[in-house]
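Inspection log for the structure reproduced underneath, given as structure tokens.
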Amino acid sequence: MAEIQTAEELIRELYRHRKVIQHLFKRKAASFDELTEIADGKEKEILQAKARGMISLQEGEPARLDERLLNFVEDFLEINEDIRNFEVDESIRILKKNIYLYEMDEDARERERYLHRIKRSLLSIGRVIRKNAATLSNLVKQEYKTASSIELKRIKIEDHNEQAEKLLQLITNAEELLENSFFRVVPDESLRLIVNDLKGTHLTMARHNLIALRQEIVRFINQIAELDRQHKKIIQLKKLRDLYELEVRTNIEEVFAHENALFFDTQLRFQTMLDLEYLRGDDGLDLIERVALRRQHKIRMQLQAELDIDGDLLDPQQQKMLHVDFSKLKRAFFLQKEDLLTFVKSYDFGQEMNDEQLVKIYCQVALIFEDEMDFGLAENPFDEAKQVISEGKQFAFIRPKNFKK
């Protein structure tokens, strides 16, 4: 783990963060706020646990125990639900290698080191085999009871059966290895006790448990096959029942025997002459009225479509929109000496303009360029402003502000 160099330091850090570790081991995951509450509000302690590699804390994800620490605790407590047959196979391989090195090396210290590794491998083999056998037994019973479908039960049970078969083969390999003369000639009492305990307790007990488990698996597989057979039979019976009800309670056979219609074929229409006696009756009269109304509607729609538009409604004259370039008009106004109203009335707009249009242009120019215009206001507010009289109407006397008299 990060920055932890000794076992003493590791034990100290585990004890220091014991509350957080215990909570995460129990809950598997927790939020940062939840861990802070567990740590009595000390956020720094959570960050230190992350820095020390005790917990895994990523942004946007819940906190979890570091994978190495989680595996260590689960392995020590033997509560990991993984079937690790590969560990047994690897331990057997390492055991064979260390036995060979022990026999080849004549150095007493090296031999002692190899012997220690051999003991560790033997203990590991016994522990993992015992744990795998117990875990397999629990998983088989659990999957058989909780799997959501028959097919899912079958797949999982068969997979566990293969794992049990592999584990039995590994037990056989371990028993054959323990018959090696090495274990009889090495004068080490603790090694002899480990071998006897492994052979007489762990391997034998695991073998008996696995044999019983495989018998139970066979029983489960047979039950699953029977359930599957019964399920298929029930489905078939339901189909037969539905078919029987269709045959007995309906005239489907008679219809199929005499009906040759194609459901998805184009519908065929036939025109036939109606009987005069039928047309003279009430039903015939109603039919004639409906046909007459439909024909009148078609004729009315046709007449509306064929109506010509009266030429008097069309105005042959084109309407021209008045367009004035006010920027050009302003430049021309600023280059002459007349007031705005006189200028507008004398300006050539390219078309004939009436008085109403000219007054409108006069007002528009005054409003658009208001900041650049002098409206003839007197300096004394009690004096009257300059005005222009045209056709009996008074207009403001407007000139450019920079106009020089």
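Observations on the model:
- Checking each residue in segment 346-379 for being under 14 Å from LYS328 (Cβ atoms) and assigned to a loop (DSSP other than H, G, I, E, B) picks out TYR347, ASP348, PHE349, GLY350, PHE369.
- Filtering ASP82, ASP33, ASP75 for residues that are charged (D, E, K, R), modelled with pLDDT of 80 or more and not in a strand (DSSP E or B) leaves a single hit, ASP33.
- Filter pass, ARG16 being at pLDDT below 85 and within 30 Å of GLU165 (Cβ to Cβ): no
- Out of GLU106, GLU110, one residue alone is assigned by TED's automatic domain parsing to the domain that holds MET205 and not in a helix (DSSP H, G or I). It is GLU106.
A quick yes/no check of all residues on (1) touching a residue at least 60 places away in the same chain (Cβ under 8 Å); (2) out of contact with any Gly (no Cβ under 8 Å at 6 or more places or on another chain); (3) more than 21 Å from LEU115 (Cβ to Cβ); (4) surrounded by 11 or more Cβ atoms within 10 Å (Cβ to Cβ):
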{"position": "ARG192", "(1), (2), (3), (4)": "no, yes, no, yes"}
{"position": "PHE220", "(1), (2), (3), (4)": "yes, yes, yes, yes"}
{"position": "GLU245", "(1), (2), (3), (4)": "no, yes, yes, no"}
{"position": "ASN251", "(1), (2), (3), (4)": "no, yes, yes, no"}
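- For segment 264-276, the count of residues that are at pLDDT 75 or above and not in a loop (DSSP other than H, G, I, E, B) is zero.
- The residues listed here are LEU170, LEU139; of these, the one that is surrounded by 14 or more Cβ atoms within 10 Å (Cβ to Cβ), touching a residue at least 60 places away in the same chain (Cβ under 8 Å), in a helix (DSSP H, G or I) and assigned by TED's automatic domain parsing to the domain that holds SER124 is LEU170.
- Enumeration of residues in segment 1-31 that are hydrophobic (A, V, I, L, M, F, W, C) and surrounded by 12 or more Cβ atoms within 10 Å (Cβ to Cβ): MET1, ILE4, LEU10, LEU14, VAL20, ILE21, LEU24, PHE25, ALA29, ALA30
- Scanning segment 378-405 for residues that are at pLDDT below 80 and aromatic (Phe, Trp, Tyr) gives PHE382, PHE403.
- Scope segment 4-27; condition closer than 15 Å to ARG68 by Cα and of a type in the set (Asp, Glu); matching residues: GLU13
The values are calculated or read from the model by the stated rules, or taken from the named source; none is laboratory data. Just so it is clear, the model here is predicted, and its values are computed rather than measured. As a convention, Cβ positions derive from the backbone with ideal geometry for all residues, glycine included, and neighbour counts pool all protein chains shown.
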